[in-house]
2 protein chains.
Amino acid sequence: MSESIKKNEKKIDLGPKIASYPMPVCLIGANLGDKANFLTAAWLMSASISPPRIAVALNKGHSTNKGIKEHETFSVCIPSEDLITAADYCGLVSGSKTDKSAVFDVFYGKLGTAPMISECPVNMECKLEKVVDNGEHEMFIGEIVSTFTEEKYLTNRAVDLKKVKPFLLSFYDRQYLGVGEPKARAWSVGNSYKR
Amino acid sequence: MSESIKKNEKKIDLGPKIASYPMPVCLIGANLGDKANFLTAAWLMSASISPPRIAVALNKGHSTNKGIKEHETFSVCIPSEDLITAADYCGLVSGSKTDKSAVFDVFYGKLGTAPMISECPVNMECKLEKVVDNGEHEMFIGEIVSTFTEEKYLTNRAVDLKKVKPFLLSFYDRQYLGVGEPKARAWSVGNSYKR
């Protein structure tokens, strides 16, 4: 590394840490045998647009991982704030010991083995495409085959987050946070940036 | 699929769609040659805890992808709301045509080739570990070697999102959203769930 590489003495290095940023809480649905199971997760992201893919990282100890591999399908269900207690419950108890199939009203889509949640405003039904090994965690990348919602969550035919009312996980302080107000237009406000 | 699989007739299938959920906006730093470059992104997630890994999905057309592969390092920089214009700007112009190295005050950590942003409250310096091909996008999985912040963003020695003031992308309506108020304790409120 060159001597000229610029450091910043004001910065503190916390060391290798899981990042501090808000992540959307979801419920990952998978059948265990023929029974629906749901696991609370917040490590998920879009992985491509066309076809739409979604990725979720789960600790290898979860029953859900086995279910996803068994059926090669899973769902990503977005709960609203009013489901916060039931959603948190699904992260506190393991599907290996507790039957979570009756926590929600369950439905299925065209894949037939990815359980989804009637109470959730948005449910994405996914076909497993890849499993990426990340040590103690593994990442499941799935192709979204259907996105289920209801008329009441749409504005101009698109899912409206103000109606969905998703919530976020702040990992370090173990808080669920709401989604805040609009701040600016994306792919737009930067046009006013002057160097 | 068995006849007994339960459907939900109230649900509308929007078809294969990128999910509608709020994602944290970040700036991905990579050197292009020896020059710092930053790309706005919102498809990122934690991928493991120990060691801490982070994953980001980027369209293959970006210069940033080349820079990450060249140096096998990158950074994930979390901007606060007051950087929203500059952050959006970095998503509007390509590093192949526009030098973005002077948009922010840049610093480097121990890897020496992952540029970070002095103005950002949180900067994670990452060593590239895996590239996952997802068609038009590729996912970069990195091990976090350092997390840089400042005293003023900490509460009880942990990064405090209320001080960081990150913002979120709502993909479909192209809005940047703030982070809202605490709603409940995670890994806790579900204890009150009664079946």
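Each peptide in B:37-44, B:143-150 gets a packing score, the mean of other Cβ atoms within 10 Å over its residues, and the list from highest to lowest is B:37-44, B:143-150.
Residue-wise HN-Hα couplings along the range B:119-136, as the Karplus relation 6.51 cos²θ - 1.76 cosθ + 1.60 with θ = phi - 60° gives them from phi, are 6, 7, x, 9, 9, 10, 9, 10, 9, 4, 10, 8, 10, 10, 7, 10, x, 6 Hz; Gly and Pro carry x. Within the range B:17-49, list the residues whose amide N lies under 15 Å from a label point set 7 Å along Cα→Cβ of residue B:70. The answer is B:29-39.
Straight-distance candidates among the aspartates and glutamates for linking to residue A:35, with alpha-carbon spacing under 17 Å and chain neighbours fewer than 8 residues away dropped: A:70, A:72, A:99, A:105, A:125, B:3.
The residues of chain B present an accessible area of 40 Å² per residue when probed at 1.4 Å with all protein chains retained.
When the helices of chain B are scored as -39500 (n - 2.57) per DSSP H run of n ≥ 4 and the total is divided over every residue, the value at 222 nm lands at -3000 deg cm²/dmol. Counts of other chain beta carbons within 10 angstrom of each beta carbon in peptide A:158-168 average 6.
Largest mean-square fluctuation among A:138, A:151, A:70, in a Gaussian network model of chain A whose springs join Cα atoms under 10 Å apart, belongs to A:151. Across chain A, Cα-Cα pairs more than 30 Å apart make up 28 percent of the total. Directionally averaged projected area (the range B:11-99, Cα convex hull): 8.1 nm². Here the accessible area is traced with a 1.4 Å probe on the protein chains. For the protein assembly as shown, carbon and sulfur cover 49 percent of it. Extending 7 Å from the Cα toward the beta-carbon at both residue B:191 and residue B:105 defines two label points whose distance is 4.5 nm. Which of rounded, prolate, oblate describes the range A:56-155, given a ≥ b ≥ c as roots of the alpha-carbon gyration tensor eigenvalues and a/c under 1.5 marking rounded, otherwise prolate only if a/b is larger than b/c? Oblate, because a/c is 1.5 or more while a/b does not exceed b/c. Bridgeable aspartates and glutamates around residue B:100 (alpha carbons under 13 Å apart, same-chain partners fewer than 8 residues away excluded): B:34, B:88.
Using the Cβ atoms and a cut-off under 15 Å, what net charge is assigned to the surroundings of residue A:39, where Lys and Arg are +1 and Asp and Glu are -1?
Counting the neighbours of residue A:39, the net charge comes to +2.
For the pair the range A:85-150 and the range B:100-160, the centres of their Cα atoms are 30 angstrom apart. Mind telling me which of B:49, B:141, B:18 comes out most flexible in a GNM of chain B, alpha-carbon contacts under 10 Å? With Cα springs under 10 Å in chain B, the top fluctuation among B:49, B:141, B:18 is at B:18.
With θ taken as phi - 60° and the Karplus curve 6.51 cos²θ - 1.76 cosθ + 1.60 applied, the whole-hertz 3J(HN,Hα) list for the range A:90-96 is 5, x, 9, 10, 8, x, 6 Hz, x standing for glycine and proline. The interface between chain B and chain A buries about 9800 Å² of solvent-accessible area in total (1.4 Å probe, ligands and nucleic acids excluded). Per residue of peptide A:108-114, the mean number of Cβ atoms on other chains within 10 Å of the residue Cβ is 3.
On the beta carbon distance between residue B:6 and residue A:172, with R0 = 45 Å, the FRET formula returns roughly 0.70.
Roughly speaking, what is the stretch gain from residue B:155 to residue B:13, that is 0.36 nm per residue apart minus the C-alpha to C-alpha distance, in nm to one decimal?
Numbers: separation 142, 0.36 × 142 = 51.12 nm, distance 4.39 nm.
Difference between extended and current length: 46.7 nm.
Separation of the alpha carbons by more than 29 angstrom is noted, of A:165/B:163; A:10/B:60; B:69/B:110, for A:10/B:60. Among B:33, B:91, B:135, the largest mean-square fluctuation in a Gaussian network model of chain B (Cα springs under 10 Å) belongs to B:135.
The values are calculated or read from the model by the stated rules, or taken from the named source; none is laboratory data. Because the structure is a prediction, the values reported are computed rather than measured. All Cβ positions, glycine included, derive from the backbone under ideal geometry; neighbour counts span all protein chains shown. We work out accessible area using only protein heavy atoms, side chains counted, and drop any ligands, DNA or RNA first. Shrake-Rupley method; radii C 1.70, N 1.55, O 1.52, S 1.80 Å.
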